[in-house]
Every structure is written in structure tokens, then in C-alpha cells.
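Data first, discussion second: the structure below is written as C-alpha cells.
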């Protein structure tokens, strides 16, 4: 069992380092091509923090472990809101000003409902993955367009600050990007192999491993980004990172994974889908009230996550 645990830990470290390298390199290249830092902060950085979920899910599905890929998305989306956003609100109450984020909450809820409906027939087919990925293209396009119309200078400056400081030489940026991609692929291989072997040794399902170990592990970049943003009172980044990641997970991570390697849905209960729906639905009243997330509401979200983990692991 020590070998499997070691493989998971080393793979996770490589995923985190690879995601950071990819974000720094790709965002720097995007800036060099004249893309605004606001757009880079909303798209390139958001995609980069979801890169571990993408490569892990692709690796798992292509190895014939589609339940790990799906569990990764469902578990990560639950963790993003209930654990990460809940913990951030406990650190500092959250209030966001960005209109773009308030628009994204209904989109996140709609995509979650669509995902649940797709799962009802027990199969995720290639055409469903293709539809999700096409919606992603439209979503990114609309985000870029609407970000140019953001008039709140405080919001613009906050997202611009989310872009990491970059080296100036394009060759270094390219090396960082390629290095990040390589580390992500290698990390995903070790992480998934270790997780699958661990599941076999513990006699638990791929779905359970995906919902817990894999989901929590691949959510660490979002956790780090969001908690740091909360500590620095950058609320728009904290909330935008979580919501953007959930949308990317469904449209990009699952969409691309299923488009390449469709699979049957097994091992997931109504409770799993229900918790995912409830957590995203809980954010809707916050939008209606000016998007203020107090400490007690953050505590409620965190309690939901702890309760769900207890249910899975009891």
C-alpha cells in the first residue's frame, strides 16, 4: 500500500507544480500576444487551475476508469463550493462586485442541471461530450466579450492582479508552458495509477475514489488560489475562481473527456448528484441578495461537505 500512496503523493505534487508552471507560461504568452490581463485572469488562469482535473479525467477515462473521471468532476464541484468557498467565507465574509460573476452563477446552475439530466440514462456518449465542449467555446467567447465591457475599475484591477508576474523572454514562457504540460501528463499518470491501485487494494469503487481522493487532490490549486484571495480580501477572485472552475469542469473537463472516450455511468447514487445540485443552488439566493456570503453561511457550506464526506467514508 505504501507504493500506491507514494504514487498518489508524487503524482499530486507534479500536478500542482505543473499547473502553476502552465499558468505562468501560458498567461505570459497570452499577454505577449496582446490579450488583456483581465481576459487572461478570467480565462487562461481559470483554465490553468482546472488543468489537473482535465488531465486526470482524460487519463482515467482512456485507461478504462471512466467512473474516476466522472467522480472527479462531481466531487471537485462539490468541494469547490462547499469546502473551498465555505472555508474562504469563514476566513473573511465575501461580497463580490463583478457583474460577470453574477451572470456566471445561473450558468453554473444550468450546466449542473444539464449534467444531472445527461446522467439519468446511465451513459455519457460522445455526442453529449461534444455538445458540452461546444457550449464551452461559446461560454469563453461571451466571457471575453463581456469582460471588455466591465466598467468597475476595482474589479478590473483585482482580476489583473490575479495574473502571475511573468519573465520577459518568450522562450522562457514557452519552456514554462511545455514543462507544465509535461508535468501534468506525468503527474496524472502516477496519480491515477496510484488511486486505481489503492481502490483495488481497499476494495472500494472507482466512483468513491473519484469523489473523494481524486476530487480533493485535483481541487488543491483552486483551494490555494481561493484561500489566498480571501486572505487578501480579493473577493471577486475568490468567488470567480470557484464558479469558473465548476463551469470549466463540466464543459471542458467532462465534455472533452467524454467526447474522446465515452463511458457508462456506474457507482453513483442520488445522494451524490443531490449534494452537487444543492450546493450550487445555495449560491442562487446569494446572487439575489447582492452576493454576500457571511461566516455562518460559509460554516453551513463547510458542514455540508464534512457531512457528505462522512456519508461516503462511513
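Where a number appears in this text, it was derived from the coordinates with a stated rule and is not lab data. None of the values given here were measured: they were computed from a predicted structure. FYI the Cβ positions are ideal-geometry reconstructions off the backbone, even for glycines, and counts take in every protein chain you see.
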Task: Residue-span extension gain [residue 231 to residue 145] - 0.36 nm each, minus C-alpha spacing - done: 28.0 nm
Task: Extended-chain gain in nm, criterion 0.36 nm per residue less alpha-carbon gap, residue 17 and residue 284 - done: 92.7 nm
TODO: Specify, per residue and in Å³, the volume enclosed by the convex hull of the alpha carbon atoms belonging to the range 245-305.
DONE: 102
- [ ] Provide 53, 266 in ascending order of the number of other Cβ atoms located within 10 Å of each residue's Cβ, fewest first.
- [x] 266, 53
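Ranking 104, 20 by Cβ neighbours within 10 Å, fewest first, what do you get? Please list the in-between numbers first.
Working: 104 25, 20 19.
Lowest count first: 20, 104.
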Task: Residues 312, 231, 293 arranged by fewest to most Cβ contacts within 10 Å - done: 231, 312, 293
Open item on the list: Quick check: residue separation of residue 174 and residue 204 times 0.36 nm, minus the Cα distance between them. What number comes out in nm?
Closed with: 6.7 nm
TODO: Report the FRET efficiency, 1/(1 + (r/R0)^6), for residue 95 and residue 277, where r is their Cβ-Cβ distance and R0 is 35 Å, rounded to 0.05.
DONE: 0.90
Task: Shape call, the range 170-301: gyration tensor on alpha carbons, a/c limit 1.5 - done: oblate
Task: Two-site FRET efficiency, residue 1 against residue 137, from Cβ-Cβ distance with R₀ of 45 Å, rounded to 0.05 - done: 0.55
